[in-house]
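Right, I'll just put the structure down here and ask away after.
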Amino acid sequence: MFPELNSILNSTPDSFKSSDFILVSDRRANASFLIQHYLAFYLRAGCKVCFLGLVQSFSHYSAVGQRLGVSLAQAREKGQLVFLEGLKDSIGVLLQEDTSHETQPLSYLRSPGAGLEGLFRFVERSMRQSGDGDAGESWGPPVLLIDDLSVLLSLGVSVGAILDFTLYCQATMCSELQGNMVILVRCEEEDADDDDDEEGSNLLQRGLVHQCNLALHVEGLPTGYCRDIHGQMEVWWRQRGETIYNQRKIFHFKVHDKGASFFARGTSSAVL
Amino acid sequence: MSVESCVLQGAEAGGFILIQDTVKCTGRGLLKCFINAALKRGEDVHVLGFESPETEVCAGLDRSCVQKLHFHKGFPDPLGWTRRSSFTVERFASQHITQLIKDTQQAKASVLVVDSLSLVLRHHDPLVFCQTLQELRKGGVIKTIIGLLHSDLHQQGIVGIVCYLASTVISVAPANNERHSVAKTTRRTKSGKVMQEEEYFSVCKDATLSVQAKPRQPGHVQKERDVSEADPTSNLTFNLRLSEEERKAKEKVALPFVFSQEKKSALLKPTPGSGRIVYEPDDNDDFDEEDPDDDLDV
């Protein structure tokens, strides 16, 4: 959990906005450190977290989480964290003999054209289960984290199906259960010739920006590589339904071993 | 036809008003203004809400007319996965919509609002979608259709098709000025005349539209002059200003490399005798008045 990011976004584990859809995207950079931040943030806040880890193993997130001060294994045992390990479970889905389980979470691997209804049902089931921990404690508002959604595009799922899935997740998580959603999407370089970006990650990102409340976009510095500044992050506060007052700000950041520091442009400690 | 008059008067019968937006500027506020104005005119408004919850769409609308608003719940279940919606995207066909409207008590000419057309286009073939729209316009049950389209989520061709069907297209975009957005309205009348207008607008909390001054031509984009230009010669410890006499004397100075009239005439017509050489011999000079070339036999 990064304290400077908390102050930029004006939220702490004790007080944060609910019914928020936060979109994290990157282009030729790696924004997964932000997903780690949110994972630590919401676990510290005592929320029930459903994490769809589609691109890394549980031990990877666990190791990074340790450095940020949260124990994922403990959270999973207590029932606070529901973790879908995409990589491990996918082999089972691909090798299984019968195709009758169409509403399995990873059913899109066998039939990508059918959409992500199975995945949504998994999310809904895990969130609607009453949060009874070992000590009968109830958890805070539910949170859905996804890392990352654009990998589904390369598995053959269409952009429309993914946007439908996120719409349903938003309807359930944000509108109905008053919880939050954080989704990571990785974009490719925009091709100038490619006007009809029908099935691209950029189209997916635009569709998600339309739906979200807050968009964090991570890119490298436009001027090139720098040892002390790892990139820039654009924060776009969007209010659904408001035509104007969308505020955008750019910050620079540097990722450390145990966190990341954020600062206004031109105020890197290497420069001052 | 400004966007304000469009909102207040609505379209004529059989009209299709399209609001186009992008990620940079959402058109839902403008859509809400249309809904509010239609309710105030006493028209029945049917909203097919697929993307936004009812609470968001109805927030800020005039409470006295809200009973004329019929929100058909697509959201939170627009595709029927959880069987909680009263109208799914699949049912976007002329017979279903017409039936839906006839089922409400007053079957007067109604206004149909679709939020959003992008979701419908994702799940229907574009040609079938266009046919449905045309059938609804000519059906007689619906007076006006108002739709919101996210133009950056579709191919240009598809956006073009929907714009062609519309009698009025309003594109919203952000303005330099953060408090307003720009609305570009293109209206096609039945006689075929096309009118275009570009205006600044903002949506108030009570879902009414406030239109500001029109932007100038592109190329003369003017930001608001909040700060007057600073005078650089003020607040100095030395004097950089000129008095009247000093200014006049300065203007009179002939610049060294300026090719003025006097110089020109001096170069072209030399006065006679101006090339004479006058030689004053020094004491040491051996000045002999005789011509040294005298003894040459030339």
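What is the set of long-range amide H partners of A:E188 at a cut-off below 5 Å, with H atoms built 1.01 Å from backbone N?
A:S201, A:N202
Follow-up. Averaging over every viewing direction, what projected area does the convex hull of the Cα atoms of segment B:35-107 cover, in nm²?
So the Cα hull casts an average projection of 5.0 nm².
When all alpha-carbon pairs of segment B:78-119 are counted, what percent fall beyond 18 Å?
In whole percent, the long-distance tail amounts to 33.
Going from the alpha-carbon gyration tensor of chain B, what semi-axes, largest first and in whole Å, does one get by taking the root of 5 times each eigenvalue?
82, 24, 18
Please build a GNM for chain B, connecting alpha carbons under 10 Å apart, and tell me which residue among B:Q261, B:Q134, B:Q155 fluctuates the most.
B:Q261
Hey, could you get me the Stokes-Einstein D for segment A:217-271, Kirkwood radius over alpha-carbon pairs, 37 °C and 0.692 mPa s, rounded to whole µm² s⁻¹?
Translational diffusion coefficient: 264 µm²/s.
Can I ask one more? Expected output is a single nm value to one decimal: the length gained when fully extending between A:R128 and A:S59, i.e. 0.36 nm times separation in residues minus the C-alpha distance. What is it?
22.2 nm
Kindly provide the helix-only [θ] at 222 nm of the protein assembly as shown, computed as the sum of -39,500 (n - 2.57) over DSSP H runs of four or more divided by all residues, to the nearest 500 deg cm²/dmol?
Taken over the protein assembly as shown, the calculation gives -8500 deg cm²/dmol.
Past the 17 angstrom mark, what percentage of all C-alpha to C-alpha distances in segment A:1-115 do you count?
Roughly 62 percent, once rounded to a whole number.
With a cap of 15 neighbouring Cβ atoms within 10 Å, and only residues DSSP puts in a loop, list the GluC sites (Glu not before Pro) found in segment A:27-132.
A:E97, A:E102
Another question, if that's okay. For chain B, with a Gaussian network of springs between Cα atoms less than 10 Å apart, report the residue from B:Y164, B:Y279, B:Y200 with the top mean-square fluctuation.
B:Y279
Another one. Which residue, A:A40, A:L54, A:S107, has the largest displacement toward the positive end of the dipole of chain A when charges sit on each Cβ (Lys, Arg +1; Asp, Glu -1)?
So the residue furthest toward the plus end is A:A40.
Sort A:S138, A:S25 so the one with the fewest other Cβ atoms within 10 Å of its own Cβ comes first.
Going from least to most buried by this count: A:S138, A:S25.
If you don't mind, there's one more thing I want to ask. Report, by chain and number, residues whose modeled amide H sits under 5 Å from the one on B:D44, excluding near sequence neighbours (fewer than 5 apart, same chain).
B:V111
Something else now. By count of other Cβ within 10 Å, fewest leading, how are A:C226, A:C50, B:C33, A:C187 ordered?
Least to most surrounded, the residues fall as A:C226, A:C187, A:C50, B:C33.
Is any residue of segment A:148-192 close enough, with backbone N under 16 Å, to a label point placed 7 angstrom from the Cα of A:S138 along the Cα-Cβ axis, and if so, which?
A:177-179, by backbone N distance to the label point.
For chain A, state the semi-axes of the equivalent ellipsoid (square roots of 5 times the eigenvalues of the alpha-carbon gyration tensor), sorted largest first and rounded to whole angstrom.
29, 24, 18
Here is a follow-up. By count of other Cβ within 10 Å, fewest leading, how are B:T189, B:T208 ordered?
B:T189, B:T208
A follow-up question, please. Just to confirm my numbers, what's the Cα centroid distance between segment B:82-98 and segment A:1-69 in Å?
Centre-to-centre distance over Cα atoms comes out at 38 Å.
Report, as an integer, the average count of C-beta atoms from other chains found within 10 Å of each Cβ along A:156-168.
Counting other chains' Cβ atoms within 10 Å and averaging over A:156-168 gives 3.
Could I ask something else about it? Rounded to the nearest 0.05, what FRET efficiency do A:R248 and A:E188 give with R0 = 25 Å and r taken as the Cβ-Cβ distance? Could you check?
0.70
May I ask which of B:K138/B:K193; A:K249/B:K24; A:K48/A:K258; B:K108/B:K193; B:K73/B:K102; A:K48/A:K88 have a Cα-Cα span longer than 19 Å here?
Table pairs above 19 Å Cα-Cα are B:K138/B:K193; A:K48/A:K258; B:K108/B:K193; A:K48/A:K88.
All of the numbers you see were taken from the coordinates with simple rules; none came from a lab. Since this is a predicted model, take the numbers as computed values, not measurements. Cβ sites come from the backbone with ideal geometry, for glycine too, and all protein chains shown count toward neighbours.
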